[in-house]
1. Which value in nm describes the separation of the simple spin-label points at Gln128 and Thr191, placed 7 Å from the Cα toward the beta carbon?
2. ³J(HN,Hα) across the range 66-79 via Karplus (A = 6.51, B = -1.76, C = 1.60, θ = phi - 60°), whole Hz, x for Gly/Pro?
3. For Gln34 and Leu203 in the same chain, what is the full-extension length gain: residue separation times 0.36 nm, less their Cα-Cα distance, in nm?
Amino acid sequence: MKLKNVFCCCCISLFVLSGCAKDSPQTPMAAIQQQLTEMEGYTCLATLTRTSNKGETSYETRQSYRKDGAYRLEILSPETVAGNYTVFDGKTVCQYNPKMQERIVYDVAPSKQRNALFLGNFLENYLQSEGVSIESAALDESRCTVLEAIIPSDDPSMASEKLWIDNETLLPVRLIIYDADGAECLRLDYTSFTYNPHFDENLFEIPA
């Protein structure tokens, strides 16, 4: 079943179970549903924060993602790692370090862990999760809808995730990945987000 059809069925079931048998285009969830199912790709700027027993480390990043799974992740700061990027064309990954002037290219199988920072991967996990939840929450003085998903992985450092979406703008606000103990390990705070941009045809190509 196509992603769009599965997502629609999932949302309809949740509303029936909660006693809301009828939905309307004006409800936040209906608008969010439409926006996400029509998403062909996106670009964004986001602060990535990694949390470990050594503390927190933050990076400014730029993401580009296409519905077929191709993506590009660039690190903008701090200066020590600025210019590093990873690009995936659907079959091959290329990691580039400008200071070393080195590219590492290798064929890979699909990986939930590697793709965890991208919204398309969250949607797949959300639709496959049992007992998914939808809730409202206040975040940064705005009302958000929070979607929760289980990450199908044997890695205890990546067990579940939550996505906050602004009810008015329909833009993602925050994505958090939790470990098996419920502790936050990765957080993306989106500073800008554009649905369905025009991608340069060479953006996801692996350099020769």
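A short reminder: the numbers here are calculations on the coordinates, not readings from a lab. Worth saying up front: this structure is predicted, and the values here are computed from it rather than measured. Every residue, glycine as well, gets a Cβ built from its backbone with ideal geometry; the counts of neighbours run over all protein chains shown.
1. Distance between label points: 3.3 nm.
2. Rounded to whole hertz, the list is 10, 4, 6, x, 5, 8, 9, 10, 10, 9, 9, 7, x, 4.
3. On the way: separation 169, 0.36 × 169 = 60.84 nm, distance 2.67 nm.
Gain on extension, Gln34 to Leu203, equals 58.2 nm.
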